[in-house]
Amino acid sequence: MPITRDQVAKQANVSSATVSRVFNNPESVSEQLRNKVLKVARELNYIPNKAASQLRRSGTGVIGVVKINKVNRLYYWGSLKLFDWFYAQAQKGMLKAIENTSYQLSFYSINSKEELLNISNKVDGIVGYDIDNDVEESFFEDLKIPYVLAHHICPNNKYMHVSTDNEYGGMLQGKYLKNNKVENPIYITGFVDEVLSHQQRLKGIQSVYPSIHVKEIDFLNKKILHQIISNLKSEIKSNQYDGIAFVNDLLLVQIIVKLNIDLPIIGYDGAPYISLINNVSSIDFHIDDIYELALSKVISLINGNKIDGEIIRPSIIE
């Protein structure tokens, strides 16, 4: 016979209603009590009845994760294979947020506001994945269900959000170089006019190095990359630069693996492959934490709680 909620409640010395709240509205239960109930549930191998929970809520039991297709862009990082790990980390965070609830996730890619409105009739709430401009934000204006937008969205009072702070991350890059006694760094970036996060990161590092030499390149062009690598070799050899910061780890890897240099070097994104390169640092903006929190906030909104948007600041990986 399957273990029941009442058996978990008896073993944990709590009410059956408390067990229900732990699995259906975890934010309403203290962390200490929640951990106590979850420990007993694991020991008894208790599996919540998701279908029954959905019926009691009169909802679908589904939270939608929506990606808006980025079309007609010169550059979008998410379309590159070397960034597939990023979406996997976001999914990991969201799955963690629902592992002790009765909710399930459904993933969608859309091109229009009409598609989003149609999806909103099939789910109880929505997480907007990488919403990064005003047009995409406007898709969510008329939604009648709870939603939270992440992660490059600029914080504002109009849309519920969980955001990163790219300007702060750029400042951390500058501080890293300063702490390593770098006096003449170079900052290598690209597509600054097209990508808001690149603008913000540049502004951040310029707050530490106002006169930093900035080299903007089309880093999707292999010929240009080859020329940049050749130029950097001679410039570093002539002591023009004593440290390098990159707008992202992808650009760092493309260039640094071709150079044999011993300088302070820092990228951005916290890509897993960075650990394979010696003496290189990066900025981790905790993508799994951002999306775990975003989905937890959606659940809180579904349950009628009042919440605020939030910023998760990045940190240095050394």
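The values are calculated or read from the model by the stated rules, or taken from the named source; none is laboratory data. Everything numeric in this text was worked out from a predicted model, so none of it was measured. Neighbour counts are summed over all protein chains in view; Cβ atoms, including those assigned to glycine, are modelled from backbone coordinates with ideal geometry.
Laid out as a table, the results:
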item: Positions within region 187-217 being within 23 Å of the chain's Cα centre (by Cα) and of a type in the set (Phe, Trp, Tyr), in sequence order; result: Phe191
item: Any chance Asp269 is on the phi > 0 side of the Ramachandran plot and of a type in the set (D, E, K, R); result: yes
item: Any hit, region 291-308, residues being at pLDDT 90 or above, under 19 Å from Gly170 (Cβ atoms) and not in a strand (DSSP E or B); result: no
item: Search result, residues across region 191-208 that are assigned to a loop (DSSP other than H, G, I, E, B) and surrounded by fewer than 21 Cβ atoms within 10 Å (Cβ to Cβ); result: Phe191, Val192, Asp193, Glu194, Ser207, Val208
item: Residues of region 232-263 that turn out to be assigned to a loop (DSSP other than H, G, I, E, B) and under 22 Å from Gln200 (Cβ atoms), as a count; result: 2
item: Complete set of residues in region 96-111 that are in contact (Cβ under 8 Å) with a residue 24 or more places away in the chain and either in a loop (DSSP other than H, G, I, E, B) or in the same structural domain as Ser20 (by TED's automatic domain parsing) (or both); result: Asn100, Thr101, Ser102, Tyr103, Asn111
item: Matching entry among Leu116, Leu105, Leu95 (being among the aliphatic types (A, V, I, L, M), farther than 20 Å from Pro48 by Cα, surrounded by 14 or more Cβ atoms within 10 Å (Cβ to Cβ) and in contact with a strand residue (DSSP E or B) (Cβ under 9 Å, 6 or more places away or on another chain)); result: Leu116
item: All positions within region 128-148 that are within 26 Å of Glu194 (Cα to Cα) and in contact (Cβ under 8 Å) with a residue 60 or more places away in the chain; result: Gly128, Tyr129, Asp130, Ile131, Asp132, Asn133, Glu136, Phe139, Val148
item: Answer residue from region 120-146, given it is closer than 25 Å to Asp165 by Cα and among the acidic types (Asp, Glu) and is modelled with the highest pLDDT among those; result: Asp130
item: Extreme residue, farthest from Gln200 (Cα to Cα), among residues of region 112-165 that are of a type in the set (S, T, N, Q) and part of a loop (DSSP other than H, G, I, E, B); result: Asn121
item: Looking only at region 53-75, and only at residues there that are small (Gly, Ala, Ser) and surrounded by 12 or more Cβ atoms within 10 Å (Cβ to Cβ), the one that is modelled with the highest pLDDT; result: Gly64
item: Residue satisfying condition, being in contact (Cβ under 8 Å) with a residue 12 or more places away in the chain, closer than 30 Å to Lys39 by Cα and either touching a helix residue (DSSP H, G or I) at 6+ places or on another chain (Cβ under 9 Å) or crowded, with 19+ Cβ neighbours inside 10 Å (or both), within set Gly125, Gly78; result: Gly125
item: Hits in region 177-190 - residues which are assigned to a helix (DSSP H, G or I) and surrounded by 24 or more Cβ atoms within 10 Å (Cβ to Cβ); result: Leu177
